[in-house]
Structures are given as C-alpha cells and as structure tokens.
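Single-structure report; data block below.
The values are calculated or read from the model by the stated rules, or taken from the named source; none is laboratory data. Being a predicted model, the structure only gives us computed values, none of them experimental. Every residue, glycine as well, gets a Cβ built from its backbone with ideal geometry; the counts of neighbours run over all protein chains shown. Side chains are part of the model used for accessible areas, which takes the heavy atoms of the whole protein and leaves out ligands, DNA and RNA. Shrake-Rupley method; radii C 1.70, N 1.55, O 1.52, S 1.80 Å.
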Amino acid sequence: MALVKLKGVILNPTENGDVEIIRNSNLEFSNSNGKISKISPLDNKEEKNLSDKIETIIIPGLIDLHSHIPQLPGVGKNADELLPWLKNHIFPLETKFNSLEYAEVVIRRFFEDALSCGTTTFVLYSSIHKEATNLSFEIAKEFGIRAFIGKVMMDRDMKRYPEPLPTMARNIKDSMELAKQWHGENGGLLHYIFTPRFAGSCSMKLLQKTAEIAKDGNFFIQSHLAENQSEVNFIKSLFEREKLKVPTNTHIFKKSNLLGERTLLAHCLYLSQIELQILESTGTNIIHCPTSNIFLQSGFMPFRRYQDHKINIGLGTDVAGGYSLSLFNEMRNAIETSKIVNVVSYARPKPILTAKEVFWISTLGAAKILKIDNEIGSLEPGKDADLVVIKPNKLFNFYCNLNSTEDILQSLIYLPHTYLIQEVYIRGRKIKINQK
Ligand code: GUN
Ligand code: FE
C-alpha cells in the first residue's frame, strides 16, 4: 500500500455551509483504497522551513452538475437564443456522434479540458446515440473519473431534427441497457442518469415511462426547465395541442412523476411561485448555469429569491450554452449574475453571492445533491481523496490577504492567470492532465 503525502493550505467546505482554511498541513491518503487517512499539522522542522507565502493550495475536486459532451466543438457559436441555436448549431453537431471515430476525439478532449480545470465529478448529457454514450462511459472508465452520464432521450421531432429519432420504446430500451451495463461500474465511480432532454422533445408517454423506470431503480434523472420565454411558450403550446391540462411546464414534469430528490433540472429561470412550491415540496434540485444563461440571452436566475424556498441549487457549465468547462468561471458568473439581478430588479437589492458560497455549492453542496457526500465534497479522513493541487504564482500572493478564505477564493475565481492547476486525484489515483 503506497501512502501519498501532500503538503499545503487546505480549503475545506464544512457542514454548516462555510469554507474553513486549514493552515499548512500534511494530507495523507492511500492509493490502494483511495481514502484520506490523516490531516495533520506540520512538524517543527517543516514549520521552520515555511515561507510566509502560499506555495500550495489543496481543494476538493470540483463537481459540474450539468454539461453536454457532444457540444464541446460548438462553443462560441453565438447566433441566436435557445431554440434557433439548438436547431442551427447544436442538433446538427450532436448528430455527428453517430460516428464513433469522431465522438472519441470529442469525448477525450472534453474530459481532458475539464480535468485540467479541476473538475473531478461530472453530470453529463451524451447524444441520442447508444453507441456513443457507451463510448463516453468506456473513456470515463479509462480516465478514472467520477461521472453520471445519460443517453439523451428524444422521441418528438421538434424543429426538424436532422436524423430520425428513436421511438419511445427504443429510447427506453437503449437507456435501460446502458444503465444495466454501466451503473455502479469502476468501483462505483460511474453512474447512469436518465436523460429526457426537455419536455419540448419528449412525449408525455416517454416522460412517464422514464420516471417509472428511474424511480424503480433509484436512478438520478436530468432535464431542462424554463430556460427562456419562447421555450416555455413553445412547450406549453405543444402540450395544449394534445389537450393535456398542464397549467405550467413544471406541471408537465409533475404529471409525469419526474420530480423528486434525485432529479436535476437545469436553468429554471422563469418559474412562478406555484412552480417553485412544487419543486420545493418534491425535493427537486435546480442547476444554475449562469454562463449559458448570459450567452444565450436566456436571462438571470434570481438565486437569492429562490433561497426563500428550501430548494437545493447546484452549478453547471452547460457547454456549449456555456463557453467554458471551468467551474471557477461558472462561480464567477454566478456571482456576477447575482449583481445583475440586483441592478435589473426594482425590488430592494439582496446580498450578492460570496466566493465562499459558490465554492461550497461546487463542492460539498453538489456532493449532497448527488447523495455522495459521505464519499466526496470535502477533505476529511475517511472520505475519498478526490482533490486538486494548485500552485499559486507570485502575483497570487501579491493580490490577496493570505489569512482570508474569502480573499483566497476570490483570487481562484477571478484571477486564473495567477495559479496553475498542477495535480488532480480521484479516489487517490493521480489523473494525467494538461497543465494550464
Ligand atoms: N434545452 C434542451 N436542450 C438543450 C441544450 O442542449 N442546451 C440548453 N442550454 N438547453 C437545452
Ligand atoms: Fe443544458
């Protein structure tokens, strides 16, 4: 059994929603069981040799709760708002995942880029293709990453999808087979997540059947909700044409039984009080994707107002609506969006999000949403060693007050040129990354 010993300043999210700073310490883990065994103070000699600068920072691996693997080559295609963007850029791009040779290049690049930004746990959409989704799992296993991946389910030919869509039965069959093959694989690092794209591309039958199967097997479910006003109206009219009584798009998910503690809904910008109450009472999680919300001109999610409800909110990069796989970039835009909400609302301004809050949300908060906070999310003996080693440069030390956790986190979030992400470990195993 090899013991790995790292030395540095540890930023550790705590149970009460705070982030504590543990002054220069030793962090030890075994790379046979991958668990942290000890966090201990430096000995006298090590203490003496210490400079007053921060040389190493150790943080828990970051957790991205929403992104799309096949959309990586579509980053920056800033044509339109959501629906025309999907039709003109995204659907044709995702269709290319019917070639495994092409898909492999994109999948590898996606994981390499995200790992080099410090992400160790991923919740991802693949494409509608079973084979390419299978390949995503194979490559995730090869990399040794922790991931929830789902085949995109669509059985409604919205906006003239460029290739034939699978039937409802086929969507279900393919997803179940992938779940059977991959859920719990690689020592439990891999999970299957049922992925009905959004109500606009799924029949009521598909939504209902998906909910039934996912709940039966205790699987997670992911989808999109209330991203922009035209999308909301488009979906509403689709279901009205079928004479289904659903006052809001949240009611579509409620009626199909898709809501619950294991459901992650991206965006959720345009929700009435009643819809928020439905999400709250069902324990459904909201995934905030501020970069994408700006890029596609979708709007600004009123984070603080949603906090009046007991709803868990996580963060997702939503590539390619979002242009970056970096969660530090996502944290930055979450903070900036909280300022914009203050500027554009006529209500009394609410406190802006803090660096500590967005960091907690991207680590322990996200692990709680995924119900794996007994394994990851913070750095404590007994938890898995999913962690990132960061090397600040001189500028970093010039910029911040080294005794302030908020200051250090602000530098990580706002000043990516002042440090290097040097090493990434998942369950105690060092992952090869492209340094940047
Ligand atoms: N709604 C349905 N599909 C998508 C997608 O791929 N990206 C985003 N941002 N919203 C969606
Ligand atoms: Fe998305």
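In the calculated pair-distance distribution of the chain, the portion above 34 angstrom amounts to 29 percent of the Cα-Cα pairs.
What GluC sites (Glu not before Pro) does the range 208-274 have in DSSP loop regions with at most 10 other beta carbons within 10 Å?
Passing sites in the range 208-274 are Glu242.
Quantify, in whole percent, the carbon and sulfur part of the accessible surface of the range 211-346 (1.4 Å probe; protein heavy atoms only). So the carbon and sulfur contribution to the accessible surface is 51 percent.
In this structure, the amide hydrogen of Val152, modeled 1.01 Å from its nitrogen in the peptide plane, lies closer than 5 angstrom to those of Ser126, Ser127, Ile128, His129, counting only residues at least 5 positions away or on a different chain. The simple spin-label model puts a point 7 Å past each Cα toward its Cβ; for Glu185 and Glu104 those points are separated by 1.6 nm.
Taking all protein chains into account, the per residue accessible area for the chain stands at 40 Å² (1.4 Å probe).
Amide H contacts under 5 Å for Thr56: Val9, restricted to partners 5 or more places along the chain or on a different chain, H placed in the peptide plane at 1.01 Å from N.
Label reach from Ser40 (point 7 Å along Cα→C-beta): in the range 1-24, amide nitrogens under 17 Å belong to 2-8, 23-24.
Out of residues 5 or more away from Ser203 or on other chains, whose amide H comes under 5 Å of its own, with H placed 1.01 Å from N in the peptide plane? Under 5 Å from the amide H of Ser203: Asp155, Arg156. For a straight C-alpha distance cut-off of 17 angstrom, the aspartates and glutamates reachable from Lys350 (same-chain residues fewer than eight places away being disregarded) are Asp308, Glu336.
Within the same chain, aspartates and glutamates fewer than 8 places from Lys371 are excluded, and of the rest, those with a Cα less than 13 Å from its Cα are Glu261. With contacts taken as Cα pairs under 8 Å at a separation of at least 6 residues, the range 304-436 carries a relative contact order of 21 percent. When both the range 30-82 and the range 290-352 are represented by their alpha-carbon centers, they are found 22 Å apart.
Taking the C-alpha atoms only, the angle from helix 100-116 to the longest principal axis of the chain is near 40 degrees.
With everything on Cα atoms, drop me the angle between helix 405-414 and the longest principal axis of the chain, reported from 0 to 90° to the nearest 10. Rounded to the nearest ten degrees, it is 60. For the residue pairs Lys383/Lys430; Lys151/Lys209; Lys96/Lys180; Lys35/Lys430; Lys141/Lys180, the C-alpha atoms sit more than 22 angstrom apart in Lys96/Lys180. For the chain, the relative contact order works out to 21 percent when only alpha carbon pairs closer than 8 Å and six or more residues apart are counted.
Put simply, when 315-327, 103-115, 9-21 are sorted by average Cβ atoms within 10 angstrom per residue, most first, you get 315-327, 103-115, 9-21.
Based on the mean of other Cβ atoms within 10 Å per residue, sort peptides 144-154, 340-350, 272-282 so the most packed one is first.
Details: 144-154: 24.3, 340-350: 12.1, 272-282: 15.8.
Packing proxy ranking, top to bottom: 144-154, 272-282, 340-350.
Loop-located trypsin sites (Lys or Arg not before Pro) in the range 276-344 (DSSP state not H, G, I, E or B) with no more than 15 neighbouring Cβ atoms inside 10 Å: Lys310. For the charge dipole of the chain, defined by +1 on Lys and Arg C-beta atoms and -1 on Asp and Glu C-beta atoms about the Cα centroid, which residue among Leu206, His288, Leu258 has the Cα displaced farthest towards the positive pole? Of the options given, the answer is Leu206.
What does the convex hull of the alpha-carbon atoms of the range 280-369 project to on average, in nm²?
That works out to 5.9 nm², a quarter of the Cα hull's surface.
Packing order of peptides 116-126, 412-422, highest average first: 116-126, 412-422 (average count of other Cβ atoms within 10 Å over each peptide's residues).
Counting only alpha carbon atoms, the long axis of helix 273-282 and the longest principal axis of the chain meet at about 70°. Computed on the range 224-358, with alpha-carbon pairs under 8 angstrom and 6+ residues apart, the relative contact order is 20 percent.
The sum of -39500 (n - 2.57) across all DSSP H runs of n ≥ 4, divided by the residue count of the chain, sets its helix-only mean residue ellipticity at 222 nm to -10500 deg cm²/dmol.
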